[in-house]
1. Could you give the radius of gyration (one decimal) and Dmax (whole number) of the Cα atoms in segment 98-147, in Å?
2. Can you pull the percent of segment 128-200's accessible area that's carbon plus sulfur, 1.4 Å probe, other chains left in place?
3. If you take every residue apart from Phe214 with its C-beta less than 11 Å away from the C-beta of Phe214, what net charge results, scoring Lys and Arg +1 and Asp and Glu -1?
4. Answer rounded, prolate or oblate for segment 86-209, using the Cα gyration tensor with square roots of eigenvalues a ≥ b ≥ c: rounded when a/c is under 1.5, else prolate when a/b is larger than b/c, else oblate.
5. From the backbone phi of segment 177-194, what are the Karplus-calculated ³J(HN,Hα) couplings (6.51 cos²θ - 1.76 cosθ + 1.60, θ = phi - 60°) in whole Hz, Gly and Pro given as x?
6. With every protein chain left in place, what is the accessible area per residue of segment 98-234 in square angstrom, probe 1.4 Å?
7. With every protein chain left in place, what is the accessible area of Met158 in Å² (1.4 Å probe, nearest 10)?
8. On a straight-distance basis, which lysines could pair with Lys107 in a cross-link, Cα separation under 25 angstrom, same-chain partners fewer than 8 positions away excluded?
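The values are calculated or read from the model by the stated rules, or taken from the named source; none is laboratory data. No experiment lies behind these values; they were computed from the predicted model shown. Counting neighbours? That spans all protein chains shown, and the Cβs are built from the backbone with ideal geometry, glycine included. The protein model used for the area step is the full one, side chains on, heavy atoms only, and it has no ligands, DNA or RNA in it. Shrake-Rupley method; radii C 1.70, N 1.55, O 1.52, S 1.80 Å.
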Amino acid sequence: MLRAAWRALSSVRTQAVTPVPVLRLPNRGRARLPSDQWGLHPRGLLLQAARGFASQKPVQPSQEDDPPLSTLLKDYQNVPGIEKVDDVVKRLLSLEMANQKEKLKIKQEWLMNKIVANPEDTGSLEARIVALTVKIRNYEEHMQKHRKDKVHKRYLLMSIDQRKKMLKNLRKTNYDVFEKTCKELGIEYIFPPLYYRKAHRRWVTKKALCIQVFQEAQKLKKQKRALKAAAAAARKQSQRSPEGASKARPEALKENQ
């Protein structure tokens, strides 16, 4: 469609559309004359349809840090003489009229240039966080229109959990880049709770029993250590005074007799 509009604007001039006359046939039938005889070309009709579609009210960007919708696509930015082209053609070749895949690609490049030091390095943690953020925003826009789509809701929750893990690793490794990434993307990082499991009566009683068993096991270990220490002390004492022990033994035997 874009190529056809471009060719139409460069070659065809706007022509006034006149009503096509209708010929009445004798058998109560009607016939129209061919459009070429009256100056009606398919290119002119396509041009008028494209102008009517492009002259509508422009759509606002979904996010504040998204690129403006008036930016030209990558393929047409370096075309010579693109600045002198009509505004309607510029709008047809802009981000507003692009498909979803091209929009996501341009948004990702826009955010990568703002956050990542080397935009070509797509394997770093911050670059993967940027890519996931673009995906999450796309899923959120989809869920606003289709609230009952459970598949995309599942993809959204999975992407959010994956981004949480990446932010946690980035916070441990490079805190300055973590702060910059959260600030530029508008992410509010919340520390996860220590334990995620929901407390109910069965779980509370099980936990109390486990704590009691642990305490009893610690007491038994403490008693064993004390007995071992006493036995070791008795052995050391008997090794230090072997003569006194040998004298004490015959005296004890005589007393028993």
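1. 11.9, 37
2. Its accessible area is 53 percent carbon and sulfur atoms.
3. Combined, the nearby Lys, Arg, Asp and Glu give +2.
4. oblate
5. Values per residue, Gly and Pro as x: 5, 4, 5, 5, 5, 5, 5, 6, 8, x, 9, 9, 7, 10, 5, x, x, 5 Hz.
6. Accessible area per residue, segment 98-234: 81 Å².
7. Result for Met158: roughly 100 Å² accessible.
8. Partners found: Lys57, Lys74, Lys90, Lys135, Lys145, Lys153, Lys164, Lys165, Lys168, Lys180, Lys183.
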